[in-house]
Every structure is written in C-alpha cells, then in structure tokens.
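Some notes on the structure that comes next.
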C-alpha cells in the first residue's frame, strides 16, 4: 500500500511537469486552434539560456526570469513574423501546425549549433537527493518544488483567465474571434499574449525537468509528447483538463511502469489515451467547438 | 488552343506531345544514370527513389485525404522488419516486398480505426502514440529486432553481370515508377476524388454518398502500404536494421518532404523526397544546419508559396507556356 502511494506521489511529481507543458499547449490551442509542436524547443532554448547565465555566475532566480522572458519573446516574434503572415496567405489549421514544426526544427538546429549536443548537468538550487519522510512515503526536495511550481503556475493562470479583463478578452477571443474583433478587443495582442504565456510555462517546465534528466538539445521532446498526450486526454480546450490530464498521465505511467511493464510505460500511457479518446473523442473535460454545416 | 475538357485530362501530368517527349527523354536519361552519372550519385538517387515512394504514400494520406499522421516511422518500421524477417527466411525479394507492404497496410488499416472518430489534433496524437509504441516494441522485443546486434539483411545478387549499385538503382527506379504510376491513376480515379471530398468536407462527402469509413480506412491502408514498401526498400538499402532508424525524427523527415514538395501533388512528393535526401548531403559537415534549413524551408513554403515546390513548378511551366507574352 505504501509502495502504491510512493509510486502515485512520484507520478504526481512527473505529472505536474506534464501538466505545465499541457497547460501551455492548451492555452495556444484554445486561442489559435494550433497544436504547438515547437513547445519543446521553446522550452529547450529557454532552459539553455538559464543554464548559460547560471554558468556565468548569475543568481538562479534572475536567470530563470530572463529565460522566461526570452522564451516568451521568441514565441511572440514567431506569432507575428510567421503565423500572422501565413494566416493572411490563407493557411489552414494543418498549415499552421506545420509552421510550428518548422519553428521547432529551426530552434533545434540553432540550439545544437550554440550549445552543442553533449549532455550537461543543470545546476539547480533544489536537490534531488535530499529526501523527507511524510507518513509512509518519501518525497524529495526537487519533486516537492516541482509540485509547488506547477500548482503556482496553474493558480496564476486560473486567476489571469478568470479574474482579469485580459482573461475575459482571452476567453472571448477563443470563443469567437470575429465577434471579439467586432467588440473592439485587440485580438492580435491577446493571441500574442497567449503565445508568450504558453512559452513562459514551457520554460518553467523545462527548467524544472532539466535537473531530473541531463540537459541536451532534445531533453524536452519526451515531455512534449507526454504533454500533448495529457492535453488531449484532458480535452484540448480545457485548462483544468490539462492539469487533470497531466496528473492522470503521470500517475498512470508511474504505477503502470511499476506493476505492469517498465519498458512499455510510455506505450501504456498512449494506449490509455487512445482508449479514452475512443470513448470520449474530445477528452475528459473538453468540449470541442461545434462545426456548422 | 489549350482546352481541357475532362477532369482526367486536367490531372494528366503531360498533355501535349512536346511535354510528353520531354518527360520520356527525362525518364530514359534517369534510367541510364548508371552509365553516365558519377558513382556517388547512384546510391543517393536510389535513396531518393525509395524516399519518394514513402512520401507519395504520406501525401496520399495528408495531402489528399487530409488525415494527419505522425506515426509514419511506425509503418516504416513494420515494413522494414517484415521485409527483413522474410528475406532472412529466404523469401525472394519481390514477395518479401509485397509482404512488407501488406503488413504495413494491415497496420495502417488498424490505426485508421481511431480516425473514424477522431479529428485533427486528436488523430495526430493517436497516431503519434502508434509511432511511439512501435518504436518501443522494436527496441525492446529481442526476437523482433534481432537484439543488440540488429538484423542483417542478405544483399541482392545482381543478374546479367551488373554491378550491385547499378542493379539496386535500376530496381529501385522501376519500383518507384510503378508506385508513382499507380498513385497517378489512384488520384484520378473514384477513390482519389473521394479522398479529396473527405478532406474538404467530410459531412458534405458523406451526404453525397461517399462512404466515410471505407474511404478513410482505405486511405490509411494504401498510404501505409506505400510507407511499408519504402521501409522495406530502406532496409535493403541499409543492409542492417536497428530500431533507432525509426524514431520520431524519421516521421518528421517525411512530413517535411510532403510540405516542401507540396500537399496533394504526386510530382511534388518526388521533389520533396529529393529535397530531404539531397540537402543534407550537400550540407555535409554542417549537421546542425540541416534542421534549420528544413524549418526555414517549411516557413517560407507556407508563407510565400503554399503549394510548395510543386506550385513553383506549376508557375514556371505556366510562365513558359505563355512566354514571351505575359
């Protein structure tokens, strides 16, 4: 029993990372109907920037802040420089998804060029090995920090989307773009903000994932696929769904890996998702935008 | 006067006698490449042909039927490993090739079932799951993948005293021509029109009497048949199989080829295949520049020329048809 609890806890910690990635993906999907495949590479670039600054002797929190701003800036620039012109050219949803793939490839190549492909250890203030015992389970400082960061990120996102004028504008834009434009909402700015916020979330997830793994240009890819899966599991246009999907996926993976098969834990997670999708094609909490004939 | 009267005529690649002569000359010149081209080109060109088969398959699915699949590397792996095991069991090359295609086609048919309920991004994730699962299965099940040593595939024995490279090139070229011709026919048949109808509006297509489930499943099956054959050819080309060859970045290569070549265009797929094979070869030492170039190509295609290289080719032809008047 305590073992099961332990696996659940480590699953929750991994799942909160997936949830952060999924939140960013859902934020972008809700506003622009684009599945962002550059999410991992945005996070990677941000994490590497933080890495370089810490190496140069900067304090951790300053480096984290700069990395977040840099990641958000790349996403906003991409939105204005690539997505908007492509939309003017009449690119459909598929075309826009492919644009993000293009961005992913470019960032990937530049990361390899700038920082090399060899893995590095990421210096992180929270330790992976310092462990506390809470009742029957053990929890490390790092996984506690990850859980806290994800909770904080979800809370901030919730407050922004539900309690501010900007959030109201975001919800209106995602509900009906033309109507929002007619009502005088600066939709371009709102969408750019969504991209920036999503990239910022991705960078936070990247910085918290880097100390678990080693830092190399491809370290976020697996997390991206899990994040995508989590977002789809929860419903691609539901922010609470993203958190639920991420946590569920993390726990399913950890428990499945422990009790069923360690080699196939990723496959198990995907099988679970396909099964859920077959019953609920729009995810657990999702409500897909209805299409008019 | 250039009057196009039927849809079939509109789709025909070369309509006028001049264009047809030029096309035949080009095809013959390519067939004779081993006798006039440098050695280094030969293996590279074989790679283009085998890629082109897979890209055409992917384009049938994405470009014509409008179904996203990120599991292409999975079908590639199914084809390659089926082919490898059949060849090792002593089955002759053509039969093994057909078996590889059939196995991948069956896998595609099965993967197609979620597509009956899922759309767009949801389908993309489901197929991504298939790709990941296939990769993990081949990476972890030793009797399938040949364990740590990988799977060695017996080399082809060239007949008529040909050099092996030449024989491989000619064989691949012939297979490529066969599959390209089939694709052209398919696209201009009832099924091709049904695929396009499903892509443009599935509800309208269904109300016009196109069977959605049949069309979607067929699209998946045919596309993965092509991909499986491409995987088998790749297996024969490499001579040695490891699961690492079929990770997600291989799916991305096919994707880039389809987009850069041009969605819903068979000749575009060939251009795209040539692009993803030849550009890395040209860049040689600058490996990091390959993804940057691929990414920039995707961005510029979608922003400047949404029809890709095929669109560029169409515009060039149009320009010269009217030349010197415009």
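The values are calculated or read from the model by the stated rules, or taken from the named source; none is laboratory data. Fair warning: this is a prediction, and the values are worked out from it, not measured in the lab. Every residue, glycine among them, receives a Cβ derived from its backbone with ideal geometry; neighbour counts consider all protein chains shown.
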Restricting the range B:102-134 to residues that are more than 9 Å from chain A (Cβ to nearest Cβ) and out of contact with any helix residue (DSSP H, G or I) (no Cβ under 6 Å at 6 or more places or on another chain), the residue that is surrounded by the most Cβ atoms within 10 Å (Cβ to Cβ):
B:127
Candidate set: the range B:277-289, residues that are assigned to a helix (DSSP H, G or I) and more than 7 Å from every other protein chain (Cβ to nearest Cβ); chosen: the one nearest to residue B:54 (Cα to Cα):
B:277
Please state which of the following conditions residue A:240 fails to meet, knowing it meets all the rest: (1) out of contact with any helix residue (DSSP H, G or I) (no Cβ under 7 Å at 6 or more places or on another chain); (2) farther than 15 Å from residue A:49 by Cα; (3) within 14 Å of another protein chain (Cβ to nearest Cβ).
(3)
Among the residues in the range B:30-50, are any within 14 Å of chain A (Cβ to nearest Cβ) and crowded, with 24+ Cβ neighbours inside 10 Å?
no
Looking at (1) in contact with a helix residue (DSSP H, G or I) (Cβ under 6 Å, 6 or more places away or on another chain); (2) facing chain A (nearest Cβ under 10 Å), which one does residue B:231 not meet, given that it meets all the others?
(2)
Exception for residue A:147 within (1) modelled with pLDDT of 85 or more; (2) facing another protein chain (nearest Cβ under 8 Å) falls at (2)
Report the residue count in the range A:96-122 for those that are more than 8 Å from chain B (Cβ to nearest Cβ), surrounded by fewer than 19 Cβ atoms within 10 Å (Cβ to Cβ) and within 23 Å of residue A:81 (Cα to Cα).
1
Note on the range A:216-232: residues touching a helix residue (DSSP H, G or I) at 6+ places or on another chain (Cβ under 6 Å) and either at the interface with chain B (Cβ under 9 Å from one of its Cβ atoms) or within 20 Å of residue A:114 (Cα to Cα) (or both) are A:217, A:220, A:221, A:228, A:229, A:231, A:232
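Take the range B:198-217 and flag every residue that is closer than 29 Å to residue B:103 by Cβ, in a helix (DSSP H, G or I) and free of Cβ contacts under 8 Å to residues at least 60 places away in the same chain.
Going through the range B:198-217, the residues closer than 29 Å to residue B:103 by Cβ turn out to be B:198-199, B:202, B:210-217.
With in a helix (DSSP H, G or I) added as a condition, the list becomes B:198-199, B:202, B:212-217.
Of everything in the range B:198-217, those that are closer than 29 Å to residue B:103 by Cβ, in a helix (DSSP H, G or I) and free of Cβ contacts under 8 Å to residues at least 60 places away in the same chain turn out to be B:202, B:214.
Restricting attention to the range B:251-266, does a residue exist that is away from chain A (no Cβ under 14 Å), under 28 Å from residue B:314 (Cβ atoms), assigned to a helix (DSSP H, G or I) and under 13 Å from the mean Cα position of the chain (by Cα)?
yes
Starting from residues that are surrounded by 19 or more Cβ atoms within 10 Å (Cβ to Cβ) and in contact (Cβ under 8 Å) with a residue 40 or more places away in the chain, keep the ones in the range A:45-64 and report whichever is farthest from residue A:216 (Cα to Cα).
Here the answer is A:64.
I need the full set of residues from the range A:123-135 which are part of a loop (DSSP other than H, G, I, E, B) and either surrounded by 12 or more Cβ atoms within 10 Å (Cβ to Cβ) or within 14 Å of another protein chain (Cβ to nearest Cβ) (or both), in order please.
A:123, A:124, A:125, A:126, A:127, A:128
Conditions tested, residue by residue: (1) assigned to a helix (DSSP H, G or I); (2) surrounded by fewer than 16 Cβ atoms within 10 Å (Cβ to Cβ).
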position: A:146; (1), (2): yes, no
position: A:152; (1), (2): yes, yes
position: A:158; (1), (2): yes, yes
position: A:189; (1), (2): yes, yes
position: A:198; (1), (2): yes, no
position: A:208; (1), (2): yes, no
position: A:219; (1), (2): no, no
Taking the criterion of being surrounded by fewer than 24 Cβ atoms within 10 Å (Cβ to Cβ), at negative phi and in a helix (DSSP H, G or I), would at least one residue in the range B:77-86 satisfy it?
yes
Kindly indicate the residue of the range B:303-324 that is part of a helix (DSSP H, G or I) and within 14 Å of chain A (Cβ to nearest Cβ) and also nearest to residue A:95 (Cα to Cα) among those meeting that condition.
B:303
With the requirement that a residue be more than 7 Å from chain B (Cβ to nearest Cβ) and either crowded, with 19+ Cβ neighbours inside 10 Å or more than 19 Å from residue A:193 (Cβ to Cβ) (or both), what does the range A:78-89 give you?
A:78, A:79, A:83, A:88
Set B:162, B:170: member being more than 8 Å from chain A (Cβ to nearest Cβ), in contact with a helix residue (DSSP H, G or I) (Cβ under 8 Å, 6 or more places away or on another chain) and outside any helix (DSSP H, G or I)
B:162
Answer yes or no as to whether residue B:293 is within 11 Å of chain A (Cβ to nearest Cβ), under 19 Å from residue A:97 (Cβ atoms), surrounded by 16 or more Cβ atoms within 10 Å (Cβ to Cβ) and touching a helix residue (DSSP H, G or I) at 6+ places or on another chain (Cβ under 7 Å).
no
Across the range B:264-290, which residue is surrounded by the most Cβ atoms within 10 Å (Cβ to Cβ) among those that are modelled with pLDDT of 85 or more and under 16 Å from residue A:102 (Cβ atoms)?
B:272
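Looking at A:67, A:40, which is the one that is buried (at least 24 other Cβ atoms within 10 Å of the Cβ), within 26 Å of residue A:265 (Cβ to Cβ), out of contact with any strand residue (DSSP E or B) (no Cβ under 6 Å at 6 or more places or on another chain) and at pLDDT 85 or above?
Details: A:67 fails: within 26 Å of residue A:265 (Cβ to Cβ).
One residue alone meets the criteria, A:40.
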Any residue in the range A:250-263 that is assigned to a helix (DSSP H, G or I), surrounded by 24 or more Cβ atoms within 10 Å (Cβ to Cβ) and more than 13 Å from chain B (Cβ to nearest Cβ)?
yes
What about residue B:36, is it over 15 Å from the mean Cα position of the chain (by Cα) and in contact (Cβ under 8 Å) with a residue 40 or more places away in the chain?
no
